[in-house]
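Everything on this sheet refers to the single structure shown next.
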Amino acid sequence: MSRAFDIVRNNPNRVIIFDTTLRDGEQSPGCAMNLEQKLKMANILDLMGVDVIEAGFPVASQGDFEAVNEIAKIVKNATICGLSRAKKGDIEASAEAIKPAKYKRIHTFISTSPLHMKHKLQMSPDDVLEAVKNSVTFACKFTDDVEWSAEDASRTEDDFLCKCVEVAIESGARTVNIPDTVGYAMPVEMSAIIEMLFNRVPNIDKAIISMHCHNDLGVAVANSLAGVSKGARQIECTINGIGERAGNAALEEVIMALRTRHDLMPYDTNIDTTQITKASRTLSTITGFSVQPNKAIVGANAFAHASGIHQDGMLKNADTYEIMTPESVGLTESKLVMSKHSGRHAFREKLKELGFELGDNALNDAFARFKNLADRKKEVFEDDLIALVEDEIISKDDAIQFVSLQVMAGTSGPQSADLCLNIDGKKICKKVKGNGPVDAIFKAIRAICPHEDAKLQLYQVHAVTGGTDAQAEVTVRLEENGKIISGSGADADTLVASARAYIHALNKLINRREAVNPQTGL
């Protein structure tokens, strides 16, 4: 019997949190992660208390297989899940990839809506029912924790959906997922679907019903909670709500809604909410996707109060305008912690306190950058250290390394950039003119590392902390042949941060894996 099923059977109000950041989330254009980054996120998700980590789609590429396999080796508490189509080869790949995990799950799916069956699968309803039976039965040979999904369930005819769910459970599935694949449904509709399944499927008590909702109409979290209110006991979600198109239900919003409105939704999870901010920031750094300031729970303005009336109320009693505390999601005030007089030992201990364990070489590089920052910036805050170290971590193994930059700017022009990069151990320098300093920098990078087909889609700058001497965090997004790659960089000098961000994106572009890329969006 699956561990998740046992948990819910012993506590009917327990909601299983299934995180698909590393699978569905990574399918977002520009959100591709390398192995080291996936391992880092998997560790954070495990520490947070996520019940199931969908680590990838093993058959899609060798890189995906290796990532799932390595994650299965290091995760201590969460169930590791691999996604598979209703094909033996897919299921065998997932089974092999998750083999090292302490707790294993195979997640197999097939479309069930008339639209998908006709145009995507070109299969009859009877053929689909047979595929459900065969795929689930085959997956059960490798693990007793099998999840089956009805892709495009929200647009599937009721009678056929009931038949498919019944067959999947009869064949051994212990979790049945009801995805709103295209984000079309409204909460009242998702409630009705789940209620209908509980009323009509005779063996429904032998499985957990799961919600997997996309956010195309902005109601993914609402749809997920609506399903839970009618008996679903698993929610599939992602950090920061990343995912295909408009994304998935955001884990942080789901969790804090359940916690904050426990009076209305008396359901429990295993999530340590104080890890939410760390998870959000880490993912944002890895992907280069900044969180919008007004994003619920983890946005920069989520606990900010600008209105005079609101500020007055907050000063008298925080409960007047805050329904949760910043501390409950791991957000603490950024304190002055280090100065240019701080030594290497103090620096190492502070990084440990912030959750970073660096090897000697990485520590030396980070310490040198810290000293440089402390000489230029009056006050070095925790957020500065986090940005600096994360920037160092994500770039340390890149083939193209930033060395130095000198820029000529101003009204008289022409602006120019004198840039030096280290490429596979060889230092190369170019001086290039441009229409402004950023244009000159990016042209210099292109001169050193030609990549004519890549187009700049986004250049974005924001400050890590307040003040005119704040570090800048820059996001750069490149597009090449329909594939989007994002990079990020941080530095007290905005132009240096810009160069680092572009180089980070370029490294990811060069090293991206060629995938089979079958349709895997639920």
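The values are calculated or read from the model by the stated rules, or taken from the named source; none is laboratory data. Everything quoted here is computed from the prediction, not taken from an experiment. Because the Cβ atoms are built from the backbone with ideal geometry, glycine has one as well, and the counts that use them run over all protein chains shown.
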For this session: Check region 53-67 and report whether any residue there is among the aromatic types (Phe, Trp, Tyr), buried (at least 21 other Cβ atoms within 10 Å of the Cβ) and in a strand (DSSP E or B).
Result: no
For this session: Starting from region 109-128, keep only residues that are touching a residue at least 24 places away in the same chain (Cβ under 8 Å) and farther than 24 Å from residue 140 by Cβ, then list their pairs with residues that are in a helix (DSSP H, G or I) and aliphatic (A, V, I, L, M) whose Cβ atoms are within a distance under 8 Å, requiring at least 6 positions of separation or different chains.
Result: 113/153
Seminar exercise, completed: Note on residue 205: of the conditions (1) surrounded by fewer than 22 Cβ atoms within 10 Å (Cβ to Cβ); (2) part of a helix (DSSP H, G or I); (3) touching a residue at least 60 places away in the same chain (Cβ under 8 Å), unmet is (3)
For this session: For region 431-479, name all the residues that are among the charged types (D, E, K, R), over 16 Å from residue 510 (Cβ atoms), modelled with pLDDT under 90 and surrounded by fewer than 18 Cβ atoms within 10 Å (Cβ to Cβ).
Result: 469
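Here is a yes/no grid of residues against (1) touching a Lys or Arg at 6+ places or on another chain (Cβ under 7 Å); (2) surrounded by fewer than 20 Cβ atoms within 10 Å (Cβ to Cβ):
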| position | (1), (2) |
| --- | --- |
| 114 | no, yes |
| 117 | no, no |
| 122 | no, yes |
| 145 | yes, no |
| 151 | no, no |
| 158 | no, yes |
Exercise. Residues in region 183-199 that are free of Cβ contacts under 8 Å to residues at least 40 places away in the same chain and over 19 Å from residue 257 (Cα atoms): how many?
Worked result: 10
Problem set entry | Any pair with Cβ under 9 angstrom, 6 or more apart, that starts in region 236-247 at a residue that is without any contact (Cβ under 8 Å) to a residue 24 or more places away in the chain and ends at one that is hydrophobic (A, V, I, L, M, F, W, C) | none
Exercise. What residue, among those in region 1-48 that are among the basic types (Lys, Arg), out of contact with any Leu (no Cβ under 8 Å at 6 or more places or on another chain) and assigned to a helix (DSSP H, G or I), is nearest to residue 267 (Cα to Cα)?
Worked result: 9
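Based on what the data block shows, is residue 138 aromatic (Phe, Trp, Tyr) and over 23 Å from residue 23 (Cβ atoms)? Working first, answer last.
Working: aromatic (Phe, Trp, Tyr): yes; over 23 Å from residue 23 (Cβ atoms): no.
No; evaluated as a whole, the condition is false for this residue.
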Problem set entry | Residues within region 222-252 that are under 16 Å from the mean Cα position of the chain (by Cα) and either more than 18 Å from residue 47 (Cα to Cα) or not in a helix (DSSP H, G or I) (or both), tallied | 14
